[in-house]
1. Looking at Asp182, Asp148 in this structure, which one is at pLDDT 95 or above, out of contact with any helix residue (DSSP H, G or I) (no Cβ under 8 Å at 6 or more places or on another chain) and closer than 30 Å to Ser125 by Cβ?
2. Would you please name the residue that is surrounded by the fewest Cβ atoms within 10 Å (Cβ to Cβ), looking only at residues in the range 64-83 that are over 16 Å from Leu105 (Cβ atoms) and of a type outside the set (A, V, I, L, M, F, W, C)?
3. Specify which of the listed residues (Val120, Val99, Val50, Val130) is surrounded by 20 or more Cβ atoms within 10 Å (Cβ to Cβ) and on the phi < 0 side of the Ramachandran plot.
4. With respect to Arg167, is the statement that it is out of contact with any Asp or Glu (no Cβ under 8 Å at 6 or more places or on another chain) and at pLDDT 95 or above true?
5. Kindly indicate which of Gly170, Gly188, Gly142, Gly177 is at positive phi and under 33 Å from the mean Cα position of the chain (by Cα).
Amino acid sequence: MTEETPQPVQPESVQSENAGTETPQETAQQQPATSQPESADHTDHEPLTVTYERLRHSEDPAELGEFARRPLPDRSDAAAFSRATALLEAVAGNLHTDVADRVFLAETMPFPNVLVKLSVDPDPSVREAVAKNTADKNWLVGRLTKDDVDEIREVALRNPNTSWKMRMEGAEDTRNGAEILDYLSRFGADDDMPGPAVLTSMIRRAVALNPNTNADTLARLANDPSEEVRHAVERRNGDAR
């Protein structure tokens with residue numbers, strides 16, 4: 001059996017001298033892996049809570065934007081799909097995500113957990129995009145029918161998923177202007193805006209009593225098929241005298 005010859009050990013002074021002789025390429029190769037951007041594959045294998053918290057607190061718009069625009073996994077891969085939508089919630093709620101990326105999510109996502117975050121976004125353009133999203137649940141778009149910004153309320157009231165209750169409250173809201181009130185006054189009266197007779201009549205009556213309703217809308221409602229609506233117009237005209 002042949003003994004291996006021990007390799008000489010360099011003294012520390014020699015090691016110190018050699019430490020500064022690496023080429024830049026060798027130095028770069030010796031950098032720890034954490035200094036390089038994380039790959040999607042690495043991220044996909046992180047625990048969900050770790051990635052969620054990192055994205056929730058990230059201050060890197062590029063990283064956040066990449067997640068916002070990343071195609072979703074196929075729904076047949078339930079675990080990956082669930083993970084991706086959970087991470088989008090973190091991205092949507094992080095104000096370091098670019099406004100354009102938050103608007104993109106607000107316009108395209110059908111997931112309530114993501115849209116809830118965006119519905120309270122401080123940027124009105126994001127909330128307006130949520131209000132337009134026809135994948136909204138009625139309770140979610142209903143929140144935006146009460147927004148402080150006129151345009152957001154109007155867009156939300158035009159969303160087909162807005163509930164009849166919210167339309168009724170919108171017809172009563174004195175912050176709303178003549179244009180959206182005219183729109184609401186057509187429910188149940190125009191052929192292309194059908195609805196339950198009792199509920200739509202109540203909406204039109206509320207429009208007739210709203211002080212912001214203009215003369216043209218009132219004139220049309222004066223001939224409404226509902227007696228309650230016609231009486232509301234008479235009352236409004238009487239109060240105006």
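1. Numbers: Asp182 fails: out of contact with any helix residue (DSSP H, G or I) (no Cβ under 8 Å at 6 or more places or on another chain).
Just one listed residue meets the conditions, Asp148.
2. Top of the filtered list is Ser76.
3. Values: Val120 fails: surrounded by 20 or more Cβ atoms within 10 Å (Cβ to Cβ); Val99 fails: surrounded by 20 or more Cβ atoms within 10 Å (Cβ to Cβ); Val50 fails: surrounded by 20 or more Cβ atoms within 10 Å (Cβ to Cβ).
That would be Val130, the only listed residue that is surrounded by 20 or more Cβ atoms within 10 Å (Cβ to Cβ) and on the phi < 0 side of the Ramachandran plot.
4. On the way: out of contact with any Asp or Glu (no Cβ under 8 Å at 6 or more places or on another chain): yes; at pLDDT 95 or above: yes.
Here the answer is yes, as Arg167 does meet what is asked.
5. On the way: Gly170 fails: at positive phi; Gly142 fails: at positive phi; Gly177 fails: at positive phi.
None of the other options fit; the residue is Gly188.
The values are calculated or read from the model by the stated rules, or taken from the named source; none is laboratory data. The structure displayed is predicted, hence computed values, not measured ones. Glycine also receives a Cβ, built like all others from the backbone with ideal geometry; neighbour counts cover every protein chain displayed.
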